[in-house]
Each structure stands twice: as C-alpha cells, then as structure tokens.
Amino acid sequence: MKIEAELKNTKPMPPRQRAMLNILFTASWLDCYVQRQLRPFGITHPQYNILRILNGSYPKGLSVLDIKGRMIDRSSNVSRLVEKLRESGHVERVPHKGDRRMVVVTISEGGKKLLADIHATGFVDTKNMPGNTLSEAEATELADLLDKFRG
C-alpha cells in the first residue's frame with residue numbers, strides 16, 4: 001500500500017519528504033512486527049538484538065560499551081537490558097581479567113537455546129520475513145539506497 005493511503009494523505013508530497021515519511025512509517029511497522037514475533041518468548045526487540053550480537057561474538061564476550069556500539073537502537077539502556085537478560089539466565093557477566101572495573105558479557109546456554117527456539121519459528125527465514133516479495137537485486141538496491149540516504 002502506498003504511504004499516502006497509509007497516512008490518509010490526499011495532497012502530493014515532495015519526493016524527499018515522502019521518502020523520509022515512508023522510512024519512518026516502515027521502521028515503526030517493522031518494529032511492531034518484530035515485537036509481535038518476540039512476545040511469546042518474553043523478550044523485547046532490543047534484548048533480542050543483544051542476544052544476536054553476543055551469539056555472533058561467541059565464545060568471546062563483549063563489554064557493555066561494545067554491545068551498545070553494535071546495537072540497532074543505540075539509545076537503548078544496554079546495562080539495564082543486559083541485567084534483565086542476566087536475571088532470566090540468557091547472558092552471563094564475568095569480570096574482565098585485565099581491568100576489574102570492566103565486565104564482559106557472554107551469551108549463556110539458555111540464551112543460545114532461546115535464539116534457536118526463536119529461529120525455529122521461521123522468524124529469520126527470508127521466505128517468511130517482510131520484504132520477501134523483493135527480488136535479491138531489489139533488496140540489494142534498497143539496502144544500498146538506504147545507506148546512501150543516511151549519507
């Protein structure tokens with residue numbers, strides 16, 4: 001559906017304004033989609049992002065600052081999110097060997113199992129996810145255009 005119909009807008013928009021509104025609307029729509037997919041697992045989108053980041057760095061852990069630098073939403077309170085994941089048994093915090101002030105966060109076996117359970121639903125299957133009607137070339141072009149948009 002066109003962005004004008006989604007926003008019930010009857011007046012023409014300048015192309016750059018239309019693009020920006022379309023990106024904002026689509027980002028919100030995608031966030032709601034992801035939240036709905038993750039709700040049965042009791043985690044939020046930022047928590048899933050942290051688990052995904054830690055799984056990618058496994059077996060090496062990351063500092064909270066390193067995690068924050070890799071987050072999609074960098075305004076998230078990573079320390080609080082990590083603590084909630086630790087309390088639920090999905091991550092572990094261990095003191096850094098060289099700097100006692102720093103803590104290293106690693107994904108736990110429970111966190112790896114949770115990711116496997118989420119992925120078993122087809123959540124990351126490209127045939128099921130939003131945008132699956134785009135060809136590989138269109139998806140590449142869209143990603144390149146979004147990179148260019150951020151400038």
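Being among the β-branched types (Val, Ile, Thr), touching a residue at least 60 places away in the same chain (Cβ under 8 Å) and part of a loop (DSSP other than H, G, I, E, B), is that true of even one residue in the stretch 110-123?
First, pick out the residues of the stretch 110-123 that are among the β-branched types (Val, Ile, Thr): 118, 121.
Going one step further and asking which of them are touching a residue at least 60 places away in the same chain (Cβ under 8 Å), we end up with 118, 121.
From the residues that got through so far, the ones that are part of a loop (DSSP other than H, G, I, E, B) too are 121.
Within the stretch 110-123, one or more residues are among the β-branched types (Val, Ile, Thr), touching a residue at least 60 places away in the same chain (Cβ under 8 Å) and part of a loop (DSSP other than H, G, I, E, B).
Tell me which residues, restricted to the stretch 98-114, are modelled with pLDDT under 95 and either basic (Lys, Arg) or surrounded by 14 or more Cβ atoms within 10 Å (Cβ to Cβ) (or both).
Residues satisfying the conditions are 100, 101, 103, 104.
Working only within the stretch 120-142, note down all residues that are surrounded by 12 or more Cβ atoms within 10 Å (Cβ to Cβ) and on the phi < 0 side of the Ramachandran plot.
121, 123, 124, 129, 134, 139, 141, 142
Residues to consider are 64, 94, 82, 78; find the one that is over 22 Å from residue 33 (Cβ atoms), in contact with a Gly (Cβ under 9 Å, 6 or more places away or on another chain) and hydrophobic (A, V, I, L, M, F, W, C).
Details: 64 fails: in contact with a Gly (Cβ under 9 Å, 6 or more places away or on another chain); 82 fails: in contact with a Gly (Cβ under 9 Å, 6 or more places away or on another chain); 78 fails: in contact with a Gly (Cβ under 9 Å, 6 or more places away or on another chain).
Just a single option satisfies the conditions, and that option is 94.
The values are calculated or read from the model by the stated rules, or taken from the named source; none is laboratory data. Just so it is clear, the structure is predicted and the values come from calculations on it, not from any experiment. Using ideal geometry, Cβ is built from the backbone for each residue, glycine included, and neighbour counts are taken over all protein chains shown.
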